[in-house]
Amino acid sequence: MLAPRLNAVPPDGSSLLNTDEPPSRAAATRVFSAAQSATISAFALSCHGALYGAVTYGVLRLIAALMRQPFEAPYQILGLLASMLVYMNLRTINLSLPWRVGRVGSLGNRMIMTWSGIVAVLLFLGYSTQRSEYFSRLVLLVWFVGTPVALFGVNATARFIAGRSVLISGRRAVLINANGSARRFVDNAQRSGVYDVVGYFGERGHDDDRDAFGRLPFLGDAMSAAEYVRMKQVDVVFIFLPKLHGPEARLLLDDLGDTTASIYYVPQLEVFDDIQTRMITVESMPMLEVVETPFYGADGLLKRLFDFGSALLAVLLLSPLLASIALAVSLSSPGPVIFRQKRYGLNGRSFSIYKFRTMTVQHGTDTMAEVVQASRGDMRVTPLGRFLRSTSLDELPQLYNVLRGDMSLVGPRPHAVSHNEFYRKAVRGYMLRHKVKPGLTGLAQVNGCRGETVQLGLMAERVRWDLEYIRKWSPLLDLIILLKTVALVLKRHNAY
């Protein structure tokens, strides 16, 4: 329990809180500070927009020069028009924040979508005014693709410079209360040096505080923090939940609002460590997003287009190989060419997965007693099947699953229904894998999690990589996983 507000007394006996100051004066100070901060933020974002416009114009001029195209009036007008549109539409995108392209609702996704709209407007204007013949199509194509790349480079550079400047200045910070999040923050801050954590407020001698903050100085109870922040010119205050609730939290925030320190309200994030946890706004209400698919909206459409186009191309190119394997399976042993089994897919819905048959015919493979994972030297595997499994060629019919929309090229590998029912109770966060479509390959597979899971820890490790994929998905990550999969197939590691 927090001490009463007026019990916080420094060693000299004087009151830490100025109770003679009229409430209206403190309120006026907060309003003025908020207005000043809003003005500064608006000016900063305007500068960001101007920089984005300048980069857009500069990239066009550079590409024209590299391709030996005279940068005459048509190109100049195009560059100025594009710069104006970029300024008007991108100036609210903060240059100093991580853009995280590929993440749901990220600034990077917003930038790409906005730039795509600007490109569409420019193409429409060129077509409707019949002025497109003045421009080199190659110059325009490289400019359309190169501008987002240049903007991402500017963002990365700005964040690097900002990070270096913060490291040099060392922002003074204090912490209030303790939990697992506070412990992690202290460890990270001590390693990075971004924040100079000078001490903590809370309950002296409390076990959680002692464990979380180690040798950090104890500065007093939480309600004395505001006066300390004012006197010591602290830059940042981190308030860790869940100890503060209701009136206590409101009172503390009111006191800290009368300082110039930045204030962060930190939830107990270790409770929500399975997927991404971030603050979002839904219907004008701030919320903590705990579990969400990265393939919602435009990102889902992008991934679906990539999956369908790539799978269709692969089927066309590999059709002779597919026909040859089907014939070989048919001649090598009695039974169907294609093996079909129920698996769990997106949102836990079942679907039929397809593979080339690699084992002797089994019956009733949907019960836990009969579904046994293949192991090294498994006698059920046919000689041809052993080759197909070692090269992963038996998975090729799943391209049909991708075309149907049941699967993706990259995602968590689907398991038999009976295995799912077992592991969902045995492995924490197992079903969160089903927030995305299962894949032909995944981050777990390219990190060595292939083959039989004879121990529960092996499945837990596989799930950890699957959730890491959901956390960090991007189109580039999918491409990297596909390239690593090709190399892994050539090595035939843990495939049997």
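The values are calculated or read from the model by the stated rules, or taken from the named source; none is laboratory data. All values reported here derive from a predicted model rather than from experimental measurement. Using ideal geometry, Cβ is built from the backbone for each residue, glycine included, and neighbour counts are taken over all protein chains shown.
Within region 226-242, the residues that satisfy the criterion of being surrounded by fewer than 21 Cβ atoms within 10 Å (Cβ to Cβ), within 36 Å of the chain's Cα centre (by Cα) and modelled with pLDDT of 85 or more are GLN233, ASP235, VAL236. Of all residues in region 261-276, exactly one satisfies the criterion of being at pLDDT 80 or above and not in a strand (DSSP E or B), namely ALA261.
Contact map, region 248-266: first residue within 17 Å of LEU175 (Cβ to Cβ), second residue part of a loop (DSSP other than H, G, I, E, B) and not acidic (Asp, Glu), Cβ cut-off under 7 Å, separation 6 or more or different chains; pairs are GLU248/LEU2; LEU252/LEU244; ALA261/VAL234; VAL266/LEU241. Residues in region 399-445 that are surrounded by fewer than 21 Cβ atoms within 10 Å (Cβ to Cβ) and closer than 19 Å to LEU322 by Cα: TYR400, LEU403, ARG404. Hey, any hits in region 213-225 for a residue that's surrounded by fewer than 16 Cβ atoms within 10 Å (Cβ to Cβ), under 26 Å from LEU288 (Cβ atoms), modelled with pLDDT under 80 and within 32 Å of the chain's Cα centre (by Cα)? Within region 213-225, not a single residue is surrounded by fewer than 16 Cβ atoms within 10 Å (Cβ to Cβ), under 26 Å from LEU288 (Cβ atoms), modelled with pLDDT under 80 and within 32 Å of the chain's Cα centre (by Cα).
Residues in region 93-132 that are hydroxyl-bearing (Ser, Thr, Tyr), at pLDDT below 70 and over 18 Å from PRO475 (Cα atoms): SER96 alone. Evaluating ALA298 against the criteria (1) modelled with pLDDT under 90; (2) loosely packed, with under 13 Cβ neighbours inside 10 Å leaves one unmet condition, (2).
Among the residues making up region 402-447, a single one is among the acidic types (Asp, Glu) and in contact with a strand residue (DSSP E or B) (Cβ under 6 Å, 6 or more places away or on another chain): ASP406.
The residue that is modelled with the lowest pLDDT, among those in region 323-347 that are farther than 20 Å from THR453 by Cβ and within 32 Å of the chain's Cα centre (by Cα), is ASN347. Within region 430-450, none of the residues are assigned to a helix (DSSP H, G or I), among the β-branched types (Val, Ile, Thr) and more than 23 Å from LEU396 (Cα to Cα).
Among PRO475, PRO438, which is modelled with pLDDT of 85 or more and within 27 Å of LEU403 (Cβ to Cβ)?
The conditions single out PRO438.
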